[in-house]
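Colleague: Here it is, the structure in full.
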Amino acid sequence: QLVESGGGLVQAGGSLRLSCVASGRPLSGRDTGWLRQAPGKAREFVAGINWGGSTHSADSVQGRFIISRNDTTNTVALQMNSLKPEDTGVYYCALSRRRLKVLTVPPEYDYWGLGTQVTVSS
């Protein structure tokens, strides 16, 4: 089970830190991602961290969002800075059972949390 937290309403330019806690499945050694879905749009990749700890972010959030993993607490966090209204959406934590060739394809993930809402006002 994956449980996200940390969403909320923030003004443009502000920051939020999302957290995903995994129960029953270790995140260590797994490919994990943060993905988001805006109203009326398809779910899209935001940032991911692979089994070895390498990270990758979408071009739209490069330099603003940072993904990290804590193997002790079995959590993956997404630090979001300089938020923009276009970052608004439901943010999901997702986990793959196998090692992915790329982290950027939403259907490749096997387990998903219920999501947390992020709203950025202009």
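Colleague: When you look at G7, is it open to solvent by less than 70 Å² (accessible area, probe 1.4 Å) and within 21 Å of K101 (Cβ to Cβ), yes or no?
Modeller: On the way: open to solvent by less than 70 Å² (accessible area, probe 1.4 Å): yes; within 21 Å of K101 (Cβ to Cβ): no.
No; evaluated as a whole, the condition is false for this residue.
Colleague: Here's another thing I want to ask about it. One residue is enough: does the stretch 55-75 have a residue meeting the conditions in contact with a strand residue (DSSP E or B) (Cβ under 6 Å, 6 or more places away or on another chain) and touching a residue at least 60 places away in the same chain (Cβ under 8 Å)?
Modeller: no
Colleague: If a residue must be of a type in the set (D, E, K, R) and closer than 18 Å to V118 by Cα, how many such residues does the stretch 24-76 contain? Talk me through it step by step, then tell me what you get.
Modeller: Going residue by residue through the stretch 24-76, those that are of a type in the set (D, E, K, R) are 25, 30-31, 36, 41, 43-44, 59, 64, 69, 71.
If we keep only those that are closer than 18 Å to V118 by Cα too, we end up with 36, 41, 43-44, 64.
Residues flagged as of a type in the set (D, E, K, R) and closer than 18 Å to V118 by Cα within the stretch 24-76 amount to 5.
Colleague: Starting from the stretch 109-122, take each residue that is in contact (Cβ under 8 Å) with a residue 60 or more places away in the chain and list its partners that are among the polar types (S, T, N, Q) and in a loop (DSSP other than H, G, I, E, B), counting only C-beta distances under 7 angstrom and pairs at least six apart or across chains.
Modeller: Once the first residue is in contact (Cβ under 8 Å) with a residue 60 or more places away in the chain and sits in the stretch 109-122, its partners that are among the polar types (S, T, N, Q) and in a loop (DSSP other than H, G, I, E, B) give Y109/S96; V118/T88; T119/T88; V120/T88.
The values are calculated or read from the model by the stated rules, or taken from the named source; none is laboratory data. All figures in this text were calculated on a predicted structure; none of them were measured in a lab. Positions of Cβ are generated from backbone atoms using ideal geometry, with glycine treated the same way; all protein chains shown enter the neighbour counts. Remember, those area values only see protein heavy atoms, side chains included, never the ligands or the DNA or RNA. Shrake-Rupley method; radii C 1.70, N 1.55, O 1.52, S 1.80 Å.
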